[in-house]
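These notes concern the structure reproduced below.
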Amino acid sequence: MRSTYRAKIGGSRLELAMLLVAAISCVLVLTLNVSSERTQQGAETAGLNALLIMVLAAVAIFAAVATILSAYAGSRRSRNQRNNELQDLRRRLASSEALIRAEPQILVHWEQGRGLEIVAQSLSGIAGLPSSHQELLRFGMWLEQKSAADLKLALDALFAEGRAFNMILRTMAGGHLEADGRAAGSRAILRLRDVAGYKRDLGLILDHQKKIARDVRSSRALLNALPSPAWLRDGNGRLTWVNKAYVTAVEAASEAEVIAAQIELLESRQRRVIERKNKAGQVYEERLGLIAGGDQKAHKVVVIPLADASAGVAIDVAALEQAQTALDRQIAAYDRTLDRVTTAVAIFSADRRLTFHNEAYRTLWQLDEAWLKTGPQDGSILDRLREDGRVPDVANYREWKTRLLSCYADVKELEDLWHLKDGRVVHVAAERRPDGGVTYFYDDKTEALSLERRYVALSRVQGETLNNLKEGVAVFGTDGRLKLFNNAFAKIWRMSQRVLASTPHIDEFVGNAKVLFDDGHTWQKIVKAVTSFQVARSQLEGQMVRPDGSVIDYAATPLPDGGMLLTFADVTDAKAFERTLRERNEALVAADNLKNRFIGHVSYELRTPLTNIIGFSELLASPHMGDLSQKQREYLDHISQSSTSLLSIIDGILDLATIDAGTMELKLSMVSPRDVIDATILALRERAVSADLTIDVAVEDGAAPFEADEARVRQILYNLVANAIGFSRSGGLVKIECWRDEGDIVFAVEDNGIGIPPEQQARVFERFESRSQGSEHRGAGLGLSIVKSLVALHRGRVNLDSKPGIGTRVTVRLPVRPAGSQLLEQHEHERAPAYANNLDAS
């Protein structure tokens, strides 16, 4: 480099000399030329000057050419030298880059007036080291806070003062780097390298030392903040550190005084016990009475043995004992309260064992009290309930059980409805306790859900009922506002559902309703009934006749809750129908009276000639009138039977007419059931014999005489037995039964005839209702009608039970003694002496 530089200097000097010669020559030539012109000398001098000028010009030209050639040669030499220098620089740059790449590192260059620039990056494999240049230069993003702060301070000192540094950095991911900073003039270089060997170990040791120092400072700060005395001892049992609470407890001035004087909080006897237990490797934990701050209080002393040392703390538990006592009392009261509630409660500890249950829990699940007192596991109780069939029937019991027990780990409350096999529905709620346990609440919702279903159904029924009523219904509350209404109410007063749903006041409703009915007096009474504050409110009824001709019946009824129920019924059509029905009823009553008078008159008019026919037929049949042929006698028999039947029909019609007119009076007397049955059989014996029927009679001993009209009772039995004979098959059986049933005498007539179809049974007691039902019997249809009327006249009841093809049974119940009658008491009084005489005679 020096030889090249010297060659450059020598060539430059030669060129400058040549240029100087040429310049001097030019100056001389110009000077001579000027001088020759000024002096105007002779031709010789002019020739000599011209020659001199030519020589000087030649010298100048030669010097210029020499200078140019020398400059060209120098330039060529300089270019060759620069090429050589460039190649040398390239070789040196390649060597430098090879040296830089030989070691994994990151080089950061800084120059004054410019920012940081990464000139080399070959380091990798460090945990937490970013790969991009931008992220690398943001040291606070990937270095630990302490390392980033230390590096920033070191870089500031390097850039400002040129102070070099070397330190170990730690990334957020736990990797370690060596940072080396050097300054060169106005430039600075930061080199980051991986630590290896002892440096790595040193970095780990430093990190560990910092962590230990931080932990010690934190622990001592925490212990100093404790209100409980704490201390550390060495292997010889001497105090090496105490917290502020210890200093206060022993009433010392400072920690140094306590350590220097070895002021003890524990007695020597207590310390010896603690020392023996610690030497055995055991933790000492006892409740002792210590004097702290001049007062003796109960403290829980805990001393932990360490390697050649021990650590202890004395916790003031006086307040804790008081709180525990109060808590125990509160828990006992709480348990007593839970035992009285109807909701089943079970409390489980953090280890899932039963710690409390009330009586409702045991009753609900029917579990053994002795077994529950053993504190079984929650899962064991579920398994037993499953065995007894008292848990829901689920497809996957294990999954269901796991979900239920997950409440021990989940803070979220659990609620579920258990539908048990026995039909009960139990609401289960599980709440996690602060101590990690769980409290279960089991509420039998069976009755509540049933009531709710019934209430909802009833509400729907009531709603549908109200909306389907023809009467308008409205309920006004104690504030005078409309609370409830139905569709008919809106229709009657021609108001929209929207207006009524806005709960208008009674005054607002009346204002709208006056358009249809403007009677201030009526509305004033209704408003007063709704808004009255009287305790005893009365009902209100009335009728409105609106200008459009419609008639509205209204009523106001007070409700128990203080409200008022208003009903409005549109009776316009009903009033019209009522007038029509009254007119028709009056016409029917008149026609019925006319019919009864006509039937009675005709019956009496027919009875006289019919009696004559019967009398003359009997007279002709007597022997006094002479002998009759067989044919004549048959004719007379037919005439007699037909006349008798017709007379019976006429008598029946007269009886019904008398009953309808209300003029029939019963002739009450003591009636023997046996006597009236015998009389009935005697009257119908020939008909039964001719029909080849058997009559079976059964009268209980308790069927004593009863009070009735004997003739009418015979008529009742006669019609029933005659009807049974008429509808019985040949060879059949007719049963007549009588017994006493409490205050009634019961007669039953049963046949095994053809029976009565169900659709005709409701009409058999109607008048003139007669059907042969396929038999030869054909009557006027008055027998059962007379039976029903006579039984009703006795305040009795009649019942018919018939099955086609099986037979018919008619039961008549007559009261033993009609209301207000004393004949039965007189009869029993008269029978008493006779009964006594019979006993004496026997």
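Kindly provide the set of residues from the stretch 444-490 that are among the acidic types (Asp, Glu) and surrounded by 15 or more Cβ atoms within 10 Å (Cβ to Cβ), ordered by number. First the steps, then the outcome.
Taking the stretch 444-490 and keeping what is among the acidic types (Asp, Glu), we get 444, 447, 452, 464, 471, 479.
Result: Asp444, Glu471.
Only residues that are modelled with pLDDT of 70 or more and outside any loop (DSSP other than H, G, I, E, B): list them for the stretch 190-205, please. If you could, list the steps in order and put the result at the bottom.
If we filter the stretch 190-205 for residues that are modelled with pLDDT of 70 or more, which is where we start, we get 190-195, 205.
If the condition is that a residue be modelled with pLDDT of 70 or more and outside any loop (DSSP other than H, G, I, E, B), then Leu190, Arg191, Leu192, Arg193, Asp194, Ile205 are the ones that fit.
Residues checked against (1) without any contact (Cβ under 8 Å) to a residue 24 or more places away in the chain; (2) surrounded by fewer than 20 Cβ atoms within 10 Å (Cβ to Cβ); (3) part of a loop (DSSP other than H, G, I, E, B); (4) in contact with a His (Cβ under 8 Å, 6 or more places away or on another chain):
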position	(1), (2), (3), (4)
Asp701	yes, yes, yes, no
Ile716	no, no, no, no
Gly731	no, yes, yes, no
Arg740	no, yes, no, no
Val749	no, no, no, no
- Task: Go through the stretch 305-317 and give me each residue that's in a strand (DSSP E or B) and either over 13 Å from Asn278 (Cα atoms) or under 53 Å from the mean Cα position of the chain (by Cα) (or both).
- Result: Val313, Ala314, Ile315, Asp316
- Message: On the basis of being at pLDDT 65 or above, among the hydrophobic types (A, V, I, L, M, F, W, C) and crowded, with 16+ Cβ neighbours inside 10 Å, does Leu784 make the cut?
- Response: yes
- Message: With the structure loaded, tell me whether Phe509 is modelled with pLDDT under 90, within 48 Å of the chain's Cα centre (by Cα) and aromatic (Phe, Trp, Tyr) or whether it fails that test.
- Response: no
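With the structure loaded, tell me whether Ser603 is in contact with a helix residue (DSSP H, G or I) (Cβ under 6 Å, 6 or more places away or on another chain), modelled with pLDDT of 70 or more, among the small types (Gly, Ala, Ser) and farther than 30 Å from Asn487 by Cα or whether it fails that test.
no
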- Consider only pairs whose beta carbons are under 7 Å apart and that are at least six residues apart or on different chains; among these, list those whose first residue lies in the stretch 462-488 and is on the phi > 0 side of the Ramachandran plot and whose second residue is surrounded by fewer than 17 Cβ atoms within 10 Å (Cβ to Cβ) and of a type outside the set (Lys, Arg). Gly480/His505; Gly480/Thr531
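Quick grid of which residues meet (1) modelled with pLDDT under 90; (2) closer than 15 Å to Ala474 by Cβ; (3) touching a Gly at 6+ places or on another chain (Cβ under 8 Å); (4) surrounded by fewer than 15 Cβ atoms within 10 Å (Cβ to Cβ):
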{"residue": "Trp523", "(1), (2), (3), (4)": "no, yes, no, no"}
{"residue": "Thr531", "(1), (2), (3), (4)": "yes, yes, yes, no"}
{"residue": "Gln534", "(1), (2), (3), (4)": "yes, no, no, yes"}
{"residue": "Leu540", "(1), (2), (3), (4)": "yes, yes, no, no"}
{"residue": "Met544", "(1), (2), (3), (4)": "no, yes, no, no"}
{"residue": "Gly549", "(1), (2), (3), (4)": "yes, no, no, yes"}
{"residue": "Pro560", "(1), (2), (3), (4)": "yes, no, no, yes"}
{"residue": "Gly563", "(1), (2), (3), (4)": "yes, yes, yes, no"}
{"residue": "Thr567", "(1), (2), (3), (4)": "no, yes, yes, no"}
- Task: For the stretch 117-155, enumerate the residues that are of a type in the set (Val, Ile, Thr) and touching a helix residue (DSSP H, G or I) at 6+ places or on another chain (Cβ under 9 Å).
- Result: Ile118, Val119
- Note on the structure: Among helices (runs of 4 or more DSSP H) entirely inside the stretch 321-416, those with 2 or more residues being among the hydroxyl-bearing types (Ser, Thr, Tyr) and without any contact (Cβ under 8 Å) to a residue 24 or more places away in the chain are 397-405
- Mind checking which pairs have a first residue in the stretch 257-275 that is in the same structural domain as Ala298 (by TED's automatic domain parsing) and a second that is of a type in the set (Phe, Trp, Tyr) and outside any helix (DSSP H, G or I), Cβ under 8 Å, 6 or more apart or different chains? Ile259/Trp241; Leu265/Trp231; Val273/Tyr284; Ile274/Tyr284
- How many residues, within the stretch 444-482, are in a helix (DSSP H, G or I), more than 23 Å from Val571 (Cβ to Cβ) and touching a strand residue (DSSP E or B) at 6+ places or on another chain (Cβ under 8 Å)? 2
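Do we have Leu500 as touching a residue at least 40 places away in the same chain (Cβ under 8 Å) and surrounded by 12 or more Cβ atoms within 10 Å (Cβ to Cβ) here? Steps first, please.
Working: touching a residue at least 40 places away in the same chain (Cβ under 8 Å): no; surrounded by 12 or more Cβ atoms within 10 Å (Cβ to Cβ): yes.
Criteria not met by Leu500.
Just wondering, is there one or more residues in the stretch 277-299 that are part of a helix (DSSP H, G or I) and more than 22 Å from Ser219 (Cα to Cα)?
Residues of the stretch 277-299 that are part of a helix (DSSP H, G or I), as a first pass: 277-279.
Then drop every residue that is not more than 22 Å from Ser219 (Cα to Cα), which leaves 277, 279.
The answer is yes; a qualifying residue exists.
Given Met141, Met167, Met172, which one is surrounded by fewer than 14 Cβ atoms within 10 Å (Cβ to Cβ) and not aromatic (Phe, Trp, Tyr)?
On the way: Met167 fails: surrounded by fewer than 14 Cβ atoms within 10 Å (Cβ to Cβ); Met172 fails: surrounded by fewer than 14 Cβ atoms within 10 Å (Cβ to Cβ).
Matching residue, one of Met141, Met167, Met172: Met141.
The values are calculated or read from the model by the stated rules, or taken from the named source; none is laboratory data. Predicted, not measured: the structure shown is a model, and the values here were computed from it. Glycine gets a Cβ as well: all are built from the backbone with ideal geometry, and neighbour counts include every protein chain shown.
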